[in-house]
1. Just list whichever of 19/108; 38/77; 6/77 have alpha carbons separated by over 18 Å in the model shown.
2. Want the number for residue 56 to residue 28: 0.36 nm per residue separation, take away the alpha-carbon distance, what's left?
3. Starting from the Cα of residue 56, draw a straight line to each of the aspartates and glutamates and keep only those under 14 Å, dropping any in the same chain fewer than 8 residues away.
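Derivation of every value follows stated rules applied to the coordinates shown; laboratory data play no part. Keep in mind the model is a prediction, meaning the values are calculated, not measured.
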Amino acid sequence: MRFFIKQQVMSLKDRFYVKDEDGRDRYFVEGEFLSFAKKLRIYDENNNEVVYIEQKLWNFLPEFDLFMNNEKVATVKKEWAFFRNNYSIIGQDWHIEGSVTAHDYVIKKKNRVVADINKKWLSWEDAYEINLYEEQDLEILLGVVIVIDCVISAARANSSS
């Protein structure tokens, strides 16, 4: 299965749209405006909240919790490493390996690939292509990709200031 996540440009808060490979809107992601920590919600096409994402503050490296039905299902933690952008997903037993440019990832569970994520460079807004190999993990995986984008965006903003 293939999905595309596109970030809305020119918005005061984080907004993303998730489309399937046929171009149909499947999910909508919206962040809270003027929140000290990042807080985002993923909604399905019926406007039901399916994932809530909240940044943990006061950590040395970025860390986010993902909730489904008010229950924590995963914690995404950036790992410290030279020349790598690796993440662990606690609760799903996943590991993310990324390139030094932080735009191409492979998500693995043990040695099995769960998904490939690639940033698309030819678009005005940030856009990611997700190749998913296990459909039951889709909504958590979307949350993980949104977290990675938040970490990359924050790093980019910090380096330019």
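1. 19/108; 6/77
2. Length gained, residue 56 through residue 28: 7.8 nm.
3. Hits, sequence-local ones excluded: 65.
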